[in-house]
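These notes concern the structure reproduced below.
The values are calculated or read from the model by the stated rules, or taken from the named source; none is laboratory data. What you see is a predicted model, and the numbers here were worked out from it, not measured in a lab. When we count neighbours, we look across all protein chains shown, and the Cβ atoms used for this are built from the backbone with ideal geometry, even at glycine. In case anyone asks, the SASA skips ligands and DNA or RNA and just uses the protein heavy atoms, side chains included. Shrake-Rupley method; radii C 1.70, N 1.55, O 1.52, S 1.80 Å.
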Amino acid sequence: MSTIEMFDGAAAVKKPRVGKPYVAPPAGRDPFRITDRTAISLSGGRTSAYMLRRILESNGGLPECATVMFANTGLEHEATLEFVATIEQRWKVPVTWIEYRPDGIGYAVVNFDTAARDGEPYEAMIRKERMLPNPVMRICTSRLKIRAMHRHLAELGWKDGDGWDQMIGIRADEPGRIARIRARGTSTEDADESMLMPLADADVRKREVGGFWMRQPFDLKLRNINGVTKDGNCVLCFLKPGAQVLSLIQEEPKRAVWYMRQEQVVALEFAKTDDGARFRNDRPSYAQMHAYALAQADLFRAADPKAVTDELMVKLMADDTPGPDCFCGNDDA
């Protein structure tokens, strides 16, 4: 049964309802149980995948009134794409792969074979908006993920005023994010969409998620270092800690090339000031980080004891502070 057929069936038995602020589920109620139209966000990480597994178990499979979506920016690690495809195959669950498009209906449905792998949707968004996303204006999250998925729901017949639930993979050990989402209650994109966090309601934490995947016949093939998947989501996302970004570039310098190109294009074509030509102004540019990574590799090979003297780079190497929240999730466990 196709996703559209499932929603056609759901429309016949479910009446529209208005979104509502967060209300804690009654004691004893399974927070993974679906009773109304529900959009399930699969980020491609272990936490959201674990949430999906609990949903399938609690409902005897995917209910007709629910859909699972994965938004691909084109900058995810190949292992993330493989993980999502394996979930579809092993768990027999339909996952709709969504990619942003700058024209038409604003998105396209792709699959593992046709999914972008060189940041094409992300680059198209930058050129459409004529700017780079940054920690204050995270248009990458809003355009590439949230809005693209909502446009797909609209194509399926989910309209403003109807109301539905969205389940996202936020664990109980993410209190700051839980508090902010619960205070808002509804989606930033649609006030009729109620935000649900079944993992938080079930008191699921990083350790439980990690233990689950240790028992499974397959797993996300990315490193889990002290509960952090460094390569997860967009590999060099500017919201990741600075030291983590630099470390990833040092491991594989070519990773920075796409980001360098975007900063250069915006600087030449769109930015009115130098500040607008960087993903972050409180860090070196991606070109600077790339050059530094290559230089350090040369120094290491030459066994040169020369110390690092660039103040910004030294500061970056010490930066392990998590960045602001984004829809991509803290899918670390």
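Annotation note: trypsin sites (Lys or Arg not before Pro) in region 103-194 located in DSSP loop regions with a Cβ neighbour count of at most 16 within 10 Å are 117, 130, 159. Loop-located trypsin sites (Lys or Arg not before Pro) in region 208-244 (DSSP state not H, G, I, E or B) with no more than 11 neighbouring Cβ atoms inside 10 Å: 215, 223.
From the square roots a ≥ b ≥ c of the eigenvalues of the alpha-carbon gyration tensor of region 134-212, which class results: rounded (a/c under 1.5), prolate (a/b over b/c), or oblate? Display every interim value, and only then the final one.
Working: a/c = 1.92, a/b = 1.56, b/c = 1.23.
Prolate, since a/c reaches 1.5 and a/b exceeds b/c.
Distance from the C-alpha centroid of region 219-258 to that of region 86-144: 19 Å, rounded to the whole angstrom. Taken per residue, the accessible surface of region 203-301 reaches 52 Å², heavy atoms only and a 1.4 Å probe. What a 1.4 Å probe finds exposed on region 80-206 is 48% carbon and sulfur by accessible area, rounded to a whole percent. Sites listed here are trypsin sites (Lys or Arg not before Pro) in region 242-288 whose DSSP assignment is loop and whose Cβ has at most 12 other Cβ atoms within 10 Å: 272.
Residue pairs exceeding 32 angstrom between C-alpha atoms, taken from 159/206; 159/230; 128/159; 128/254; 145/221: 159/206; 159/230.
In the full protein context, region 20-113 carries 38 Å² of accessible surface per residue, based on a 1.4 Å probe and ignoring ligands, DNA and RNA.
Taking the solvent-accessible surface of protein heavy atoms with a 1.4 Å probe, what is the per residue accessible area of region 114-201 in Å²?
Details: 3460 Å² over 88 residues.
In whole numbers, region 114-201 has 39 Å² accessible per residue.
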